[in-house]
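Asks: One structure follows; several queries about it will come next.
The values are calculated or read from the model by the stated rules, or taken from the named source; none is laboratory data. Computed from a prediction, not measured in an experiment: that's the story for all the values here. Ideal geometry is used to build each Cβ from the backbone, glycine not excepted, and the neighbour counts take in all protein chains shown. Ligands, DNA and RNA are excluded from the accessible area calculation, which covers all protein heavy atoms including side chains. Shrake-Rupley method; radii C 1.70, N 1.55, O 1.52, S 1.80 Å.
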Amino acid sequence: MNAIDGARLLPWTSWDGKPCYLLRGNGIGYVSRLADRVEAEQLASAAELVEDSGRVLADRAWTPGEIHLLAVELNAHLAKVLRVSESRGARLLVLEGDLDGDDEDDEDDEDGGGFEAPPVA
């Protein structure tokens, strides 16, 4: 779980490198939507870097400096992807907890509920 129970880990850090969190809400506010866009951009950028690095390594015509730069870039992108996965994993645990708590209510629900899974970003 997050350092702040029920809060969303944001895909950026504070000016001094500390994690930033968004208190749990309905997920449609400005900061939440901005975080979704930043996460999507970070994942797309990482996927592009994986493709590029595969081509660079396949060519086998690189200098030690190019390999070092590639390792630095891969490390930075991997850290961002890890942060996104931690954030999304924590939100899935919260969602799972919400669903587990709703099971008791669903037993008494005559129409069978009406839960619709949230879209996957």
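Asks: Of all residues in the stretch 1-49, how many are surrounded by 14 or more Cβ atoms within 10 Å (Cβ to Cβ) and assigned to a helix (DSSP H, G or I)?
Replies: 11
Asks: Could you say whether any residue in the stretch 67-82 is closer than 14 Å to Leu10 by Cβ, modelled with pLDDT under 95 and surrounded by 13 or more Cβ atoms within 10 Å (Cβ to Cβ)?
Replies: yes
Asks: Moving on to the next point. If only one of Glu96, Glu107 is modelled with pLDDT under 65 and either open to solvent by 70 Å² or more (accessible area, probe 1.4 Å) or not polar (S, T, N, Q) (or both), which one is it?
Replies: Glu107 is the lone residue from the list that is modelled with pLDDT under 65 and either open to solvent by 70 Å² or more (accessible area, probe 1.4 Å) or not polar (S, T, N, Q) (or both).
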